[in-house]
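Undergrad: Shown below is the structure under consideration.
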Amino acid sequence: MEQNQKPVISIGMIFRDDIRSIGRCLKALQPLRDAVPCELVMADTGSVDGSRAVAEQYADVLIDFEWINDFSAARNAVVDECSGKWHLTIDTDEYLQPDSDFKQLTDFLESADIQKYNAATVVIRNYDTYEM
């Protein structure tokens, strides 16, 4: 994203000790970040497993948030740092599928009719194995 360009979408994420999945999640977001002006805002709630080092490679904004047993407080701290018109919250074990999710989301964000909307949803599919 160019320096003076406001993001269309802010992608918000909280994490702690998610080294197993954070890299895959952040790599899967890259096509979206390349397609539309985005910012990635992340909050580390106390990682000690190397997750923060991975996040540093991708995040536009990376904050520390002391864990207080409150997911909403951590997510709200991320939202407070966001500047995009739209906000997508994603967990480190969730991924955008390049064939369907990515195209639908970019089509929506690039639509001339986007000003008509003030909310949107993304369908989340839950699989019972890591390979799926």
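The values are calculated or read from the model by the stated rules, or taken from the named source; none is laboratory data. The structure presented is a predicted model; accordingly, all values stated were derived computationally and were not measured. Heads up, the Cβs are rebuilt from the backbone with ideal geometry, glycines too, and the neighbour counts pull from every protein chain shown. Each accessible area value is taken on the protein alone, full model and side chains, heavy atoms only, with ligands, DNA and RNA left out. Shrake-Rupley method; radii C 1.70, N 1.55, O 1.52, S 1.80 Å.
Undergrad: Calculate one ³J(HN,Hα) per residue across region 105-121 by plugging θ = phi - 60° into the Karplus curve 6.51 cos²θ - 1.76 cosθ + 1.60, and present them in order as whole Hz with x for glycine and proline.
TA: These are the phi-based 3J(HN,Hα) values: 5, 5, 4, 5, 5, 9, 5, 5, 8, 4, 5, 6, 10, 10, 7, 8, 10 Hz.
Undergrad: Using Cα pairs closer than 8 Å and at least 6 residues apart in sequence, work out the relative contact order for the chain, in percent.
TA: On the way: 199 pairs, mean separation 43.0, N = 132.
Normalised by residue count, the contact order of the chain is 33 percent.
Undergrad: Follow-up question, since we're still on this one. What whole number of Å gives the distance from the Cα centroid of region 28-63 to the Cα centroid of region 65-82?
TA: With region 65-82 and region 28-63 each reduced to a Cα centre, they are spaced 15 Å.
Undergrad: Go ahead and run the numbers for FRET between Thr89 and Asn126, Cβ-Cβ distance against an R0 of 22 Å, rounding to 0.05.
TA: 0.85
Undergrad: As a test question: what accessible area, to the nearest 10 Å², does Lys103 have when a 1.4 Å probe is rolled over all protein chains in place?
TA: 110
Undergrad: In addition: Which of the aspartates and glutamates could be linked to Lys6 by a straight reach, that is with a Cα gap under 12 Å, when you skip same-chain ones fewer than 8 residues away?
TA: Partners found: Glu39.
Undergrad: I've got another one for you. Please calculate how many Å² of accessible area region 23-132 carries per residue, with a 1.4 Å probe and no DNA, RNA or ligand atoms counted.
TA: Result: 62 Å² of accessible area for each residue.
Undergrad: Work out the charge dipole of the chain with +1 on the Cβ of Lys and Arg and -1 on the Cβ of Asp and Glu about the Cα centre, then indicate which of Val48, Asn118, Ala59 is farthest towards its positive end.
TA: Asn118
Undergrad: Give the Debye-formula value of log10 I(q)/I(0) at each listed q (0.09, 0.13, 0.17 Å⁻¹), with one equal scatterer per alpha carbon of the chain, two decimals each.
TA: At q = 0.09, 0.13, 0.17 Å⁻¹ the computed log10 ratios are -0.26, -0.55, -0.94.
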